[in-house]
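I have placed the structure first, in the form of structure tokens, so that the comments after it can refer back to it.
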Amino acid sequence: MPERTISDRTMPDRVMIEIDRVTRSYGAFKALDDANLTIREGEFFSLLGPSGCGKTTLLRMIAGFDNPTTGTIAVDGQPMAGIPANRRPTNMVFQSYAIFPHLNVEQNVAYGLKRLKLGTAEERRRVEEALAQVSLTGLGKRGATELSGGQRQRVALARALVMRPKVLLLDEPLSALDKKLREQMQVELRRLQKAVGITFVLVTHDQYEALAMSDRIAVMFGGRIAQVDSPKDIYQRPVNRQVADFLGGMNFVRADIVDETGTSLTVDTLGFGRVRTDKPSAFVRNGGTATLGIRPERLRVLWDDERSEFEVAGEVVERHYFGEVTHLVVKIPGFEAPLSVIETNDFGADDLPLGAEIRLAYDPEALVAMAD
Amino acid sequence: MKGRFARFLPGGRWLGLYALVYVIFLYLPVIFLPIFSVNTAATPKFPLTGFTWKWYEQLPHTPALLDAAWNSLVVGISASVLSTVFGILAARAITRYRFPGRRPINGLIMAPLVLPEIIIAISMLLVMLQLGLSLSLFTVVLGHILICIPYSMTVLTSGFEGFDRSLEEASADLGETAFGTFRRVTLPMVAPAIISSLLVSFTISLDEFMIAFFLTGTEPTLPIYIWGQLRFAAKLPGVLALGTLLLLASFLMMTLAEILRRRAANRAHTEGGVYA
């Protein structure tokens, strides 16, 4: 790992989940292929990838609804093989929320507590506490079918949290909510996780959700884990083009490797010339070429006679207006493909005519080398 | 011009008239039954001669009728319980699993619904005799199970359809055992559909004549008793009174069954359907 984030430093390094060489096959098809992961206690960890990448399969195996074909899963040092879902120290928030429709909010939340035989007073206290944690105080008597989408999600959360699990598993918990509510719940979930200190494992296909909430993210494609890093490293130092693409727009330039050390790569490119960059954590050299990338928001339009040490000049060929920002496509002589630029609208990028000759500044620090 | 065409539009005068004739055609014969059952005259014809409950009062004092009612009760309860049990098994398999031959099997289970009852009755009689079974209420129960299963299936399938599997997973996730999950989640969720299926098949069995007529030995059910009484003109008012009671009971049970079926379907769908 290149550098440790703030949350890494404040967290104890105790391992909570150990995924060791786990494969899940259905006949010849491998839903999950040789996955290795270590998730720490108190961490907000996300499994991010497109549908069919194996993230849900992995989550369901941690919960006990599915079993690895080979490999082992341990939670809090205890191997999970042979332990059914109802005896694991994990609880899950389902994608459909799976609220019991014949029970009211309170009865839903108390469902798992009934088996613990805590006594009426203690049970009531814990239900109230859980409802307060998810801001549902006073709605205990509400019927399950009378709840809004956001409320159902909170009930599902409370029902799992009240069990005080060692690990809370969340299967795309926000995907059924509209955009505004989703963004609000992202902030709330993150706050809640910090408050209760429970290890959260979130499955999502939404890169913004993963970036906004997680301490660390595992990006998965086709049953394999491509990269495990902090949100910032995943976004800024993707290990290959596939990861870079999934996390958002990026300009790619073909690069020939000139020199490789333990921590850096020096490459020759058409356009940006010779560049020396940090090497991504899990970079695997594939022949003599690599890809050099730069995110569109790291390119900046130079206005009037403003100058930069690192600049390229070209012609605006496309312009797309998005309200707060404008996306420009700029054709630059010497580059194999035009560059995408995201510019805030405070200087009038939305008024640039097609065909305008402009200059772009870039920070060489924002150039990142990755596998093809 | 406009007025002439408006008469033929939906909601116009002709549509209302058509609907009225339609309803009269359906229910006029049925209305005669309760009307003549409270008439003082022994022959069912207009004009009515006066109001009386005496035909109803005589019913509990007819031993043969009470025996027939008891037989119907025994057959109805046995047939409805058994057809509901078989219906649960089949409906669960058909709604939960995708297996080869699922549709044809479903079709075969529903087929007795459209087969002529007299054909079913005759074939069952032949089978019973071949098997060496002597005709009794037991053979009637077997016949009634056959014709009740399609009704049970219809009711139970709509209760089970859309049952979100993650509800059972959520229960296990919260620490509940397989049996506990069945008792605390599955059963309460499908209970309305099960009760509805029991009511529907009981009603079908109670009202069924043809199969009972062929398969019963010396023990008549209510419809067979009624058939037997029709030979005596003097007994007709009693038959009308009994028929009215049967009609009322069937109507009430079917209404209750439909209410429960809808509740079961709603319950399953509000959970599974929205996010499916």
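The values are calculated or read from the model by the stated rules, or taken from the named source; none is laboratory data. Note that this is a predicted model, so its numbers are computed, not measured. No Cβ is skipped: glycine too gets one built from the backbone with ideal geometry, and neighbour counts run over all protein chains shown.
Annotations for the structure displayed:
Okay, residues lined up against (1) more than 14 Å from chain B (Cβ to nearest Cβ); (2) free of Cβ contacts under 8 Å to residues at least 40 places away in the same chain; (3) within 26 Å of residue A:108 (Cβ to Cβ); (4) charged (D, E, K, R):
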position: A:25; (1), (2), (3), (4): yes, no, no, no
position: A:30; (1), (2), (3), (4): yes, no, no, yes
position: A:45; (1), (2), (3), (4): yes, no, no, no
position: A:51; (1), (2), (3), (4): yes, no, no, no
position: A:69; (1), (2), (3), (4): yes, no, no, no
position: A:73; (1), (2), (3), (4): yes, no, no, no
position: A:77; (1), (2), (3), (4): yes, no, no, no
position: A:92; (1), (2), (3), (4): no, no, yes, no
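- Enumerated strands (runs of 3 or more DSSP E) restricted to the range A:230-294, each holding at least 1 residues that are at positive phi: A:273-278
- Taken over the range A:150-176, the criterion of being modelled with pLDDT under 90, within 11 Å of chain B (Cβ to nearest Cβ) and under 20 Å from residue A:105 (Cα atoms) is satisfied by A:176 alone.
- Residue list for the range A:194-247, filter: over 13 Å from the mean Cα position of the chain (by Cα), assigned by TED's automatic domain parsing to the domain that holds residue A:177, of a type in the set (Lys, Arg) and closer than 22 Å to residue A:34 by Cβ: A:224
- Some residue of the range A:27-37 being surrounded by 19 or more Cβ atoms within 10 Å (Cβ to Cβ) and under 23 Å from residue A:158 (Cβ atoms): no
- Residues of the range B:15-37 classified as of a type in the set (Ser, Thr, Tyr) and more than 30 Å from residue B:54 (Cβ to Cβ), total: 2
Residue-wise test of (1) assigned to a loop (DSSP other than H, G, I, E, B); (2) touching a residue at least 40 places away in the same chain (Cβ under 8 Å); (3) more than 22 Å from residue B:242 (Cβ to Cβ).
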position: B:17; (1), (2), (3): no, no, yes
position: B:20; (1), (2), (3): no, no, yes
position: B:30; (1), (2), (3): no, yes, no
position: B:35; (1), (2), (3): no, no, no
position: B:43; (1), (2), (3): yes, yes, no
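- Of all the listed residues (A:291, A:269), the sole one being in contact (Cβ under 8 Å) with a residue 12 or more places away in the chain, under 26 Å from residue A:229 (Cα atoms) and among the hydroxyl-bearing types (Ser, Thr, Tyr) is A:291.
- Selected residue [within 23 Å of residue B:190 (Cβ to Cβ) and outside any helix (DSSP H, G or I)] from A:101, A:68, A:165, A:173: A:101
- The condition (being in a helix (DSSP H, G or I) and within 14 Å of residue B:212 (Cα to Cα)) is satisfied by just one residue among B:88, B:122: B:122.
- The listed residue being within 14 Å of chain A (Cβ to nearest Cβ) and under 21 Å from the mean Cα position of the chain (by Cα), out of B:191, B:111, B:121: B:191
- Considering the range B:155-188, the residues that are of a type in the set (S, T, N, Q) and surrounded by 19 or more Cβ atoms within 10 Å (Cβ to Cβ) include one that is farthest from the other protein chains (Cβ to nearest Cβ), namely B:157.
- Against the conditions (1) crowded, with 23+ Cβ neighbours inside 10 Å; (2) within 14 Å of chain A (Cβ to nearest Cβ), residue B:144 satisfies every one except (2).
- Taking the criterion of being away from every other protein chain (no Cβ under 14 Å) and surrounded by 15 or more Cβ atoms within 10 Å (Cβ to Cβ), the residues of the range A:110-141 that qualify are A:124, A:128, A:131, A:133, A:134, A:136, A:139, A:140.
- Where residue A:83 falls short, out of the listed (1) buried (at least 18 other Cβ atoms within 10 Å of the Cβ); (2) within 14 Å of another protein chain (Cβ to nearest Cβ); (3) more than 14 Å from residue A:39 (Cβ to Cβ); (4) out of contact with any Pro (no Cβ under 8 Å at 6 or more places or on another chain): (1)
- Selection of strands (runs of 3 or more DSSP E) fully inside the range A:297-372 by the criterion of at least 1 residues being surrounded by fewer than 16 Cβ atoms within 10 Å (Cβ to Cβ) and within 30 Å of the chain's Cα centre (by Cα) returns A:311-321, A:339-344.
- Within the range B:216-239, the residues that satisfy the criterion of being under 22 Å from residue B:53 (Cβ atoms) and in contact (Cβ under 8 Å) with a residue 60 or more places away in the chain are B:222, B:225, B:233, B:234, B:236, B:237, B:238.
- Per-region count, the range A:53-67, residues within 14 Å of chain B (Cβ to nearest Cβ) and on the phi > 0 side of the Ramachandran plot: 1
- Qualifying residue in the range A:151-172 (condition: surrounded by fewer than 16 Cβ atoms within 10 Å (Cβ to Cβ) and in contact with a Gly (Cβ under 9 Å, 6 or more places away or on another chain)): no
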